[in-house]
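Please read the structure below before turning to the comments.
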Amino acid sequence: MRSQGQIRHQVKQVTFRHLKKRLRDLFKQRPDTCTHNVEFPLDDTSSVHLCGFMGMKGKPRHIPCDDRIPGCSDMARSCPFWEPLKTKAEVKEEFHALIQSGDRGLIASEFPDLAALMWVLDDPNEVPSVREVEEAIQEAGESDDDEEPESVTWLSGLVKKLGGR
């Protein structure tokens with residue numbers, strides 16, 4: 001059985017991984033992550049997403065930029081006008097506000113593994129603070145710009161225990 005200290009450390013690691021995943025997802029150059037992507041209704045039941053970037057003449061481009069249209073995802077990946085919906089600081093702030101809210105139901109709906117660890121500790125004050133997560137990042141020698149943390153994930157640990165590579 002793991003000690004409370006080990007579980008607390010795991011809570012910090014899992015929190016850090018969820019933050020990194022959220023940052024990676026929101027900064028992928030896709031139509032749905034661009035601030036210029038605007039939804040236009042076609043009729044009562046359907047709509048299409050268009051690029052709303054204002055051109056030189058002060059008019060929006062209105063070029064289709066919708067994942068449902070073939071080729072648009074490729075176009076978005078190379079679009080010179082793509083801008084993220086939120087800044088990195090805003091994403092971090094919203095994420096930490098959610099974690100710090102202490103609403104176990106909301107946390108469980110978005111991060112079931114984190115909620116399970118918090119449940120094991122059975123202390124509502126065990127939610128890591130922003131400072132603790134940042135310290136865990138520094139201790140691990142990781143930055144939130146890295147692709148993946150160097151520590152072994154629970155899945156690779158499980159595979160090793162089951163006799164996999």
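The values are calculated or read from the model by the stated rules, or taken from the named source; none is laboratory data. All values reported here derive from a predicted model rather than from experimental measurement. Backbone-built Cβ (ideal geometry, glycine too); neighbour counts: all protein chains shown.
Worth a mention:
- Residue, farthest from GLY55 (Cα to Cα), within region 70-111, restricted to residues that are among the acidic types (Asp, Glu) and more than 18 Å from the chain's Cα centre (by Cα): ASP103
- Test: PRO70 is farther than 30 Å from LYS20 by Cβ, modelled with pLDDT of 90 or more and assigned to a loop (DSSP other than H, G, I, E, B): yes
- Search result, residues across region 62-84 that are within 20 Å of SER47 (Cα to Cα) and touching a residue at least 24 places away in the same chain (Cβ under 8 Å): CYS65, ASP66, ASP67, CYS72, SER73, ALA76
- Residue that is farthest from the chain's Cα centre (by Cα) [pool: residues in region 3-54 that are more than 21 Å from VAL120 (Cβ to Cβ) and among the polar types (S, T, N, Q)]: THR45
- Number of the exception - LYS20 against (1) exposed (fewer than 12 other Cβ atoms within 10 Å of the Cβ); (2) closer than 26 Å to LEU98 by Cα: (1)
- Residues being of a type outside the set (Val, Ile, Thr) and under 11 Å from LEU117 (Cβ atoms) - total across region 5-22: 6
- Exactly one residue out of SER101, SER47 is assigned by TED's automatic domain parsing to the domain that holds ASP113 and without any contact (Cβ under 8 Å) to a residue 12 or more places away in the chain: that is SER101.
- Matching residues in region 45-68 - criterion: being within 14 Å of THR35 (Cα to Cα) and loosely packed, with under 13 Cβ neighbours inside 10 Å: MET54
- Residues of region 91-128 that turn out to be outside any helix (DSSP H, G or I) and either at pLDDT 65 or above or surrounded by 14 or more Cβ atoms within 10 Å (Cβ to Cβ) (or both), as a count: 7
- Residues (of a type in the set (Phe, Trp, Tyr) and part of a loop (DSSP other than H, G, I, E, B)) located in region 32-67: PHE53
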